[in-house]
Amino acid sequence: MINLRTPKALVTFTLLAMSFVSVYVLAQNRYGQANRSVIAPRQELVKSMVNEAYAKFKNDTTGRNADYIPYLAKVNSNLFGVAVVTTDNQSYTIGDIGYSFSIQSISKVFTLALAMNELGADKIFEGIQGL
């Protein structure tokens, strides 16, 4: 469970939500429901938001690494980077982006994208709505 009371976790959760929207829009594009993302933000806005989030949270030392996952327990908790790829394939990065972070739960977004590609967005969202 993500503790959203820590700023870095909140940024991570927000980026995860943005990724989910991006996957949904990409699936719409793939299946011909849209030619171009109508929600893709302007480049300047994304760059500004990424820089602002990084500046605001880079020195945040609240929270701690998950010690029940051995790999995460060993990671330097001062590492922090932000990477965003928009629905129109623009990428923005800042911070410790050269470090190979473990993707943990964010992998669910990629699994969703794969399932949508294989089965179609409608089929996936039918299953989600049925839960």
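Each reported figure results from applying straightforward, stated rules to the coordinates on display, with no laboratory input. Remember, predicted model here, so these are calculated numbers, not experimental data. Because the Cβ atoms are built from the backbone with ideal geometry, glycine has one as well, and the counts that use them run over all protein chains shown.
Values as computed for the structure displayed
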item	result
Rg(Cα)/(2.2 N^0.38 Å) for the range 57-131, N = residue count	1.45
Förster radius 41 Å - calculated FRET efficiency between L119 and N59 (Cβ-Cβ, nearest 0.05)	0.40
Mean Cβ count within 10 Å, highest first, over the residues of peptides 58-67, 92-101, 107-116	107-116, 92-101, 58-67
